[in-house]
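Have a look at the structure below before the remarks.
The values are calculated or read from the model by the stated rules, or taken from the named source; none is laboratory data. Note that the coordinates shown come from a computational prediction; the quantities given were computed from them, not determined experimentally. All Cβ positions, glycine included, derive from the backbone under ideal geometry; neighbour counts span all protein chains shown.
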Amino acid sequence: MPALYRLYRKKRLPPATRIVGSSRTAFSHEAFRQKLAESTAKFTGNDFDPTLWNEFAKNVFYQAGDLDQPNDMAALASMLDELEQGASTTRIYYLATAPQFYEETVARLGARGMADQHNGPRRIVIEKPFGTDLATARKLNVAVHEVFAESQVYRIDHYLGKETVQNMLVLRFANAVFEPLWNRNYVDHVKITVAEDGKIGRRAGYYDSAGVMRDMFQNHLLQLLMISAMEVPSQFEADLVRNEKVKVLQAVRRLDVDHVAENTVRAQYAGYTQEPGVAVGSQTPTFAAVKLFIDNWRWQGVPFYLRSGKAMNCRTTQIVVQFRSPPHMVFDAGKHRVPEANRLVIHIQPAEGIQLHLQTKVPDAGMRLRLTDLGFRFDAEFPGALPEAYERLLLDAITGDASLFARADEVELAWGIVDPILRTWQEQGVPDLYKYEAGNWGPIEAQKWIWRDGRDWLDSCPVL
Ligand code: BG6
């Protein structure tokens, strides 16, 4: 709702956009608007203008309904028809329901013919988690496709709505300088970190059965991997973009049961099992690190290290492209020191920008070197906060651009990568589930694990 309000404020919403909320609780239109006014005001802070909100809220409506009651869906359908009065309209169904109701909701929409497009486009937006493993994701795709064609389906991954993630595409595909270096000849490895300092809060009901692999890797981290590793599409068009992303997932080497232990780390923050709602003795990991290889010409032999966790040192999402060292060093970097090689650090959040780390001569000191950086900061170049991911994504769904949404095959391939890891963790109990204190960068074992490869994490809380 804050995203829709902000779009309205920026005059980006198509004229006469109407928003209808539905849930079991009874509300009058006015009471619903009031409730939304409060939460939207809280969320949008200074952007909230009560006069503007009232204008916007005139087009917000409410219809109570229970999914289990077929008559309620009929009532919703007639309300929508009444609002539209036979005009050809684009309709977006946005499933803000708990995931276990996706199939049923879609089936009910189908049963009432609400996906028929004879009176304008009908689209459905589905939130994550899209299934809980490959089998359930496939089943959900089948159920969705019984009612909606794939072109009508918009599976949201809010990471793709982030400006800094989209800027990765621009960095790679609108600049020629990086492309010649962006491959196994010059890149030593790539690290993708999504660290959160927050704990699970009141989300145990969901999180304890999901864990970090389902919550963060299957979707967000693999999306970042795809954007980092994909080939350039011939045009920025939904299927062409998604074809290239899918090829990355197809090329990711699957970790079979014999390789999970050495290529993954899993851990849980100390005190997790005392969080309200967490099962006694829960083995749910809140941190994981995974090493993946992409078997294609561009990336053969280049490890991609992915890690994510709750209760970590700080909130930071960053992609580090670590280049190889110069083949021969003519400068003496100091006793026993090998100068660090170049790296490109893409700060996704909360710092927003890009840094190229490079060696520089320390003035007045013979030929001593120090790592410095060339930097780009969004806030220095473009004043004002970046828009929220949902603004972009909801507008794209409204205008029918699915480039930044996950396609059915993409979601299934992602589960195909994650499933064997989850299965091995659970069935073989390897690797061990380590513990880490909140406020650390995960367990020490995750450090030792990457050190064994002669590499290191970039543990920094960047303030650009
Ligand atoms: C959600 C996860 O998808 O992403 C949360 O369910 C996580 O557990 C959140 O905190 C992170 O999103 P962001 O945009 O804050 O990085």
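Listed by first and then second residue, the pairs linking a residue in region 40-55 that is within 16 Å of I19 (Cβ to Cβ) to a residue that is of a type outside the set (G, A, S) and outside any helix (DSSP H, G or I), with Cβ atoms under 6 Å apart and 6 or more places separating them unless they lie on different chains, are T40/M1. Of the residues making up region 361-416, those that are at pLDDT below 95 and in contact with a helix residue (DSSP H, G or I) (Cβ under 7 Å, 6 or more places away or on another chain) are L386, P387, E388. Taken across region 227-246, residues that are within 13 Å of the chain's Cα centre (by Cα), at pLDDT 95 or above and of a type in the set (A, V, I, L, M) do occur, with at least one present. Screening D208 with (1) more than 30 Å from L109 (Cβ to Cβ); (2) surrounded by fewer than 17 Cβ atoms within 10 Å (Cβ to Cβ) gives one miss only, at (2).
Would you list the helices (runs of 4 or more DSSP H) that sit entirely within region 1-59 and hold 1 or more residues that are over 25 Å from A385 (Cβ atoms)?
Numbers: elements: 2-9, 29-44, 50-57.
The qualifying helices (runs of 4 or more DSSP H) are 29-44.
Residues in region 140-169 that are closer than 15 Å to T105 by Cβ and of a type in the set (K, R): R155 only. Of the numbered criteria (1) touching a strand residue (DSSP E or B) at 6+ places or on another chain (Cβ under 9 Å); (2) exposed (fewer than 15 other Cβ atoms within 10 Å of the Cβ), the one G201 fails is (1).
For every residue, the table says whether it meets (1) among the hydrophobic types (A, V, I, L, M, F, W, C); (2) more than 24 Å from D456 (Cα to Cα); (3) more than 16 Å from the ligand (Cβ to nearest atom).
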position: G384; (1), (2), (3): no, yes, yes
position: E388; (1), (2), (3): no, yes, no
position: A397; (1), (2), (3): yes, yes, yes
position: P420; (1), (2), (3): no, yes, yes
position: T424; (1), (2), (3): no, yes, yes
position: D432; (1), (2), (3): no, no, yes
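Within region 140-171, the residues that satisfy the criterion of being surrounded by fewer than 19 Cβ atoms within 10 Å (Cβ to Cβ), part of a helix (DSSP H, G or I), touching a residue at least 12 places away in the same chain (Cβ under 8 Å) and away from the ligand (no atom under 16 Å from the Cβ) are A143, H145, E150, S151, L169, L171. None of R370, R324, R343, R392 is away from the ligand (no atom under 15 Å from the Cβ), among the charged types (D, E, K, R) and within 22 Å of Q223 (Cα to Cα) except R343. The one condition from (1) away from the ligand (no atom under 14 Å from the Cβ); (2) buried (at least 23 other Cβ atoms within 10 Å of the Cβ) that Y269 does not meet is (1).
Of all residues in region 276-290, none are among the aromatic types (F, W, Y), within 16 Å of the ligand (Cβ to nearest atom) and more than 16 Å from W425 (Cβ to Cβ). Within region 298-308, at least one residue is among the polar types (S, T, N, Q) and buried (at least 23 other Cβ atoms within 10 Å of the Cβ).
Cβ-Cβ distances below 7 Å connect the following pairs, each with a first residue in region 211-227 that is over 13 Å from A288 (Cα atoms), a second residue that is within 11 Å of the ligand (Cβ to nearest atom) and of a type in the set (K, R), and a separation of six or more residues or different chains: N219/K128.
What's the total number of residues in region 1-42 that are among the hydrophobic types (A, V, I, L, M, F, W, C), surrounded by fewer than 15 Cβ atoms within 10 Å (Cβ to Cβ) and within 24 Å of A397 (Cβ to Cβ)? Break it down stepwise before answering.
To start, the set of residues in region 1-42 that are among the hydrophobic types (A, V, I, L, M, F, W, C) comprises 1, 3-4, 7, 13, 16, 19-20, 26-27, 31-32, 36-37, 41.
Narrowing further to those that are surrounded by fewer than 15 Cβ atoms within 10 Å (Cβ to Cβ): 16, 26, 31.
Among the residues that remain, those that are also within 24 Å of A397 (Cβ to Cβ) are: 16.
Qualifying residue count, region 1-42: 1.
Is it the case that region 322-340 has a residue that's touching a residue at least 24 places away in the same chain (Cβ under 8 Å) and surrounded by 22 or more Cβ atoms within 10 Å (Cβ to Cβ)? Yes, there is a match, as at least one residue in region 322-340 is touching a residue at least 24 places away in the same chain (Cβ under 8 Å) and surrounded by 22 or more Cβ atoms within 10 Å (Cβ to Cβ). If you take the residues of region 85-112 that are outside any helix (DSSP H, G or I) and among the basic types (K, R), which of them is farthest from V144 (Cα to Cα)? The selected residue is R91.
Filtering region 448-463 down to residues that are touching a residue at least 12 places away in the same chain (Cβ under 8 Å) and among the hydrophobic types (A, V, I, L, M, F, W, C), which residue is surrounded by the fewest Cβ atoms within 10 Å (Cβ to Cβ)?
Start the filter on region 448-463 by keeping residues that are touching a residue at least 12 places away in the same chain (Cβ under 8 Å), which leaves 449-450, 453, 455, 457-463.
From the residues that got through so far, the ones that are among the hydrophobic types (A, V, I, L, M, F, W, C) too are 449-450, 457-458, 461, 463.
Working: W449: 23, I450: 19, W457: 19, L458: 14, C461: 14, V463: 8.
Only one residue fits best here, namely V463.
Screening region 82-133 for residues that are of a type in the set (S, T, N, Q) and over 23 Å from T25 (Cβ atoms) and picking the one that is nearest to the ligand (Cβ to nearest atom) gives T132. Going through (1) of a type in the set (D, E); (2) more than 24 Å from Q322 (Cα to Cα); (3) assigned to a helix (DSSP H, G or I); (4) away from the ligand (no atom under 16 Å from the Cβ) one by one, D258 falls short only on (3).
Return a yes/no flag: does region 191-210 have any residue that is away from the ligand (no atom under 16 Å from the Cβ) and touching a residue at least 12 places away in the same chain (Cβ under 8 Å). Break it down stepwise before answering.
From region 191-210, those away from the ligand (no atom under 16 Å from the Cβ) are 191; that's our starting set.
Then drop every residue that is not touching a residue at least 12 places away in the same chain (Cβ under 8 Å), which leaves 191.
Checked region 191-210: at least one residue is away from the ligand (no atom under 16 Å from the Cβ) and touching a residue at least 12 places away in the same chain (Cβ under 8 Å).
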